[in-house]
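Everything below concerns the one structure shown next.
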Amino acid sequence: MPQRLTPRDILTALVGFPTISSESNLPLIDWVADYLAEHGIDAHRVPDVTGQKASLFAHVGPLEAGGVVLSGHTDVVPVQGQKWDTSPFVVTEKSGRLYGRGTCDMKGFDALAIWALVEAQQMPLLRPLQLALSYDEEIGCLAAPDLILAMQASLPKADIAIIGEPSEMKVVTGHKGTMGYSVHLRGHEVHSSMLPKGVSAILHGADLLGWVNAQNAAAEAATPSDMAQVFDPPWTTTHVGTIHGGTAHNITAKDCVFDLDFRVVPDDSLSERQKAFEAKVDEVRRKMQAIHAETGIDLTLEFNVPPLAPEENGAAETLVRRITGDNTINVVSFATEGGQFQEGGYSSVVCGPGNIAQAHQPNEYIDVSQLEAGESFMRGLLKELCS
């Protein structure tokens, strides 16, 4: 009979795969598929266009609709430039904490979900349990839409999606959506003493940065809606995190490149924000081209992740509150795949072990007690699916 690993055993195996978003996750996916197969569970892969990455989904229980999806991502953020006291890809226990890249975000939940699926295979489920593991969540939740479509084409559709991002097992019913652009202004070089004859990509980029600051000031000054006021901050934010350009102090800058993202409260509109920004870009582009026709601004939409909107009497919230006993109101300003599952027709909620404050940090860890709380939650979920 095949060995049934503990959540801790599975976590150790998963962390051992350095699935940084820039690298392949296929060794991890192969390991999960093989482990599930040992226990009679078929896993389905959803590859990316390069063939170097894949999502995975699986189903246990009756082949009927109305089940629960456990959703996690397999990629982790880089460790380069961070000072670690232990090997980041080896789980190390110290003082009640399990250290390693991804222990918190979010291979701890992944391990629990895989464990629960194998346990469920031996139980008389009345409602099915499904597993969904994605890639490239950390760079914009890129894989989840294709994963969701593939699941719905191959399996009976579940009713509920539990996204296991770290929430200390608290019930998170809403999060902001996010949209990100790469912005490239293309100017015209002249000696800076001849400034009016040139087009400085940096100075025209400053027009767009001024628009960003104005958007934030107006959003902060406005009265927040009832939905927005539970978020911190209680408004949509617009942010530029990196910028570079120019070649010398006495040459008008030929290039200016920066990234820009919106984090939008659920009752705001990502599409309206997009239209407003692109209208401002058109305005600045016309000013540049009035001086030199070959200048311009190139926009690349890098990611577009919908918000998770709190649901009135949502099935996911009701179920998870019943299992955890948590009746507090919680929303977060970071994005997850929850909004994508909600768009796909699932009642969705975020609930997972670990504290988001540990995510992406050097010496990332999850408390052993949080992994134990996650296991207790999974046992409660399995009991629910059998009742």
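The values are calculated or read from the model by the stated rules, or taken from the named source; none is laboratory data. Note that the coordinates shown come from a computational prediction; the quantities given were computed from them, not determined experimentally. With ideal geometry, Cβ positions are generated from the backbone for all residues, glycine too; neighbour counts draw on all protein chains shown. Heavy atoms of the whole protein, side chains included, go into the accessibility calculation; ligands, DNA and RNA do not. Shrake-Rupley method; radii C 1.70, N 1.55, O 1.52, S 1.80 Å.
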- Which translational diffusion coefficient, to the nearest whole µm²/s, is obtained for the chain from the Stokes-Einstein equation, given a Kirkwood hydrodynamic radius over C-alpha pairs, 25 °C and 0.890 mPa s? 109
- Taking region 31-71 as the region of interest, what is the percent of Cα-Cα pairs per 5 angstrom bin, listed from the shortest bin to the one with the maximum distance? 6, 19, 25, 23, 18, 8, 3
- region 163-243: relative contact order from alpha carbon pairs under 8 Å, six or more residues apart, as a whole percent, is 18
- With each pseudo-label sitting 7 Å past Cα toward Cβ, what's the L63-E294 distance in nm, one decimal? 6.3
- Vicinal HN-Hα couplings computed from phi for region 186-191 (Karplus, 6.51 cos²θ - 1.76 cosθ + 1.60; Hz; Gly/Pro x): 10, x, 10, 7, 9, 4
- Message: Please give me the summed charge of the neighbours of V60: other residues whose Cβ is under 12 Å from its Cβ, Lys and Arg +1, Asp and Glu -1.
- Response: -1
- Message: Relative contact order for the chain: what percent, with Cα pairs under 8 Å and sequence separation of 6 or more?
- Response: 25
- Using the Cα atoms of region 101-215 to build a convex hull, what is its mean projected area in square nanometres? 12.8
- Item | Proximal aspartates and glutamates relative to K280, as straight alpha-carbon distance under 17 Å, when same-chain residues fewer than 8 apart are discounted | D207, D259, D261, E272, D298
- Length released on extending from N327 to V49, taking residue separation times 0.36 nm less the Cα-Cα span: 95.9 nm
- Message: Taking 0.36 nm per residue of sequence separation and subtracting the Cα-Cα distance, how much length would be gained by fully extending the chain between S95 and H239, in nm to one decimal?
- Response: 48.1 nm
- Query: How do H188, H360, H244, H175 rank by accessible surface area computed with a 1.4 Å probe, from largest to smallest?
  - Reply: H244, H360, H188, H175
- Note on the structure: In the neighbourhood of V368 defined by beta carbon distances under 9 Å, the net charge of the other residues (Lys, Arg +1; Asp, Glu -1) is -1
- Message: Using +1 at the C-beta of Lys and Arg and -1 at the C-beta of Asp and Glu, which of G66, I160, L133 has the Cα lying farthest in the positive direction of the dipole of the chain?
- Response: L133
- Note down the nm distance, to one decimal, between modelled labels 7 Å out along Cα→Cβ at V230 and at M1. 4.5
- Which distance in Å, rounded to a whole number, links the C-alpha centroids of region 1-50 and region 191-266? 41
- Q361 to L301: FRET efficiency via 1/(1 + (r/R0)^6), r the Cβ-Cβ distance, R0 41 Å, to the nearest 0.05? 0.90
- In whole percent, how big is the carbon plus sulfur part of the accessible area of region 328-387, probe 1.4 Å, protein atoms only? 49
- Note on the structure: Here FRET efficiency (C-beta to C-beta, Q152 to C386, R₀ 25 Å, nearest 0.05) is 0.55
- Message: Expected output is a single nm value to one decimal: the length gained when fully extending between D34 and D267, i.e. 0.36 nm times separation in residues minus the C-alpha distance. What is it?
- Response: 79.6 nm
- Note on the structure: Per residue, accessible area of region 220-334 with a 1.4 Å probe, heavy atoms of protein chains only, in Å², comes to 55
- Item | Over region 1-153, equivalent-ellipsoid semi-axes from the Cα gyration tensor in Å | 26, 19, 12
- Message: For the pair A217/W84, report the inter-label distance in nm, with labels modelled 7 Å from Cα in the Cβ direction.
- Response: 4.4
- Query: Listed highest first by mean packing, meaning other Cβ atoms within 10 Å per residue, what order do 231-243, 326-338 come in?
  - Reply: 326-338, 231-243
- For R45, the accessible surface traced by a 1.4 Å probe with all protein chains present amounts, in square angstrom to the nearest 10, to 110
- Query: Between A253, A113, A228, which gets the highest mean-square fluctuation from a Gaussian network model of the chain, Cα cutoff 10 Å?
  - Reply: A253
- Note on the structure: Amide H contacts under 5 Å for W84, restricted to residues at least 5 apart in sequence or on another chain and with H modeled in the peptide plane, are none
